[in-house]
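Scroll down for the structure; my scribbles are underneath it.
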Amino acid sequence: MLFQVEEGMLARFGDREIHRLLSTWALVYHLEWTARRLLETCLDDGEEGLGAGVDVRHLGPAPLGARVLARAELVRQEPGRFVCRVQAICEGRPLARGTVYQAVLARDRLSEILPAGSHRSGSED
């Protein structure tokens with residue numbers, strides 16, 4: 001997934017801008033989204049994925065306007081678990097690397113354990 005660093009992705013806490021660089025939270029968001037898109041190609045009918053963990057190292061800066069390539073690679077799939085190695089590259093430099101974990105459940109089981117109204121059926125991109 002290719003994305004461009006925009007104003008809303010910059011490092012800030014509350015109203016205070018820290019740097020005019022890609023924030024770690026926005027970077028992790030895009031890496032998890034990239035892994036989610038890969039997961040959706042592996043799910044069987046009636047299955048759904050839930051985020052179960054993210055372990056990412058933010059290795060360098062990406063300024064406003066930079067283009068970032070986020071990649072995900074399936075490294076392990078077992079019953080109820082999906083593990084992706086993720087990385088981000090900016091201008092040929094490593095920007096981040098890590099792992100995204102997803103739990104895989106039957107949709108009907110998910111409906112039983114989640115609060116009413118917190119689960120949608122089907123997947124969106």
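Some values worked out for this structure:
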quantity: Residue in the range 2-19 that is assigned to a helix (DSSP H, G or I), among the hydrophobic types (A, V, I, L, M, F, W, C) and farther than 15 Å from I89 by Cβ present; calculated: yes
quantity: Set P94, P63: member being closer than 23 Å to V5 by Cα and open to solvent by less than 60 Å² (accessible area, probe 1.4 Å); calculated: P63
quantity: Test: residue in the range 88-96 that is of a type in the set (V, I, T), part of a helix (DSSP H, G or I) and over 14 Å from the mean Cα position of the chain (by Cα); calculated: no
quantity: Of all residues in the range 18-46 being charged (D, E, K, R) and at pLDDT below 95, the one that is surrounded by the fewest Cβ atoms within 10 Å (Cβ to Cβ); calculated: D45
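The values are calculated or read from the model by the stated rules, or taken from the named source; none is laboratory data. Quick caveat: nothing in here was measured; it's all calculated off a predicted structure. Positions of Cβ are generated from backbone atoms using ideal geometry, with glycine treated the same way; all protein chains shown enter the neighbour counts. The accessibility values were calculated without ligands, DNA or RNA, using every heavy atom of the protein model including side chains. Shrake-Rupley method; radii C 1.70, N 1.55, O 1.52, S 1.80 Å.
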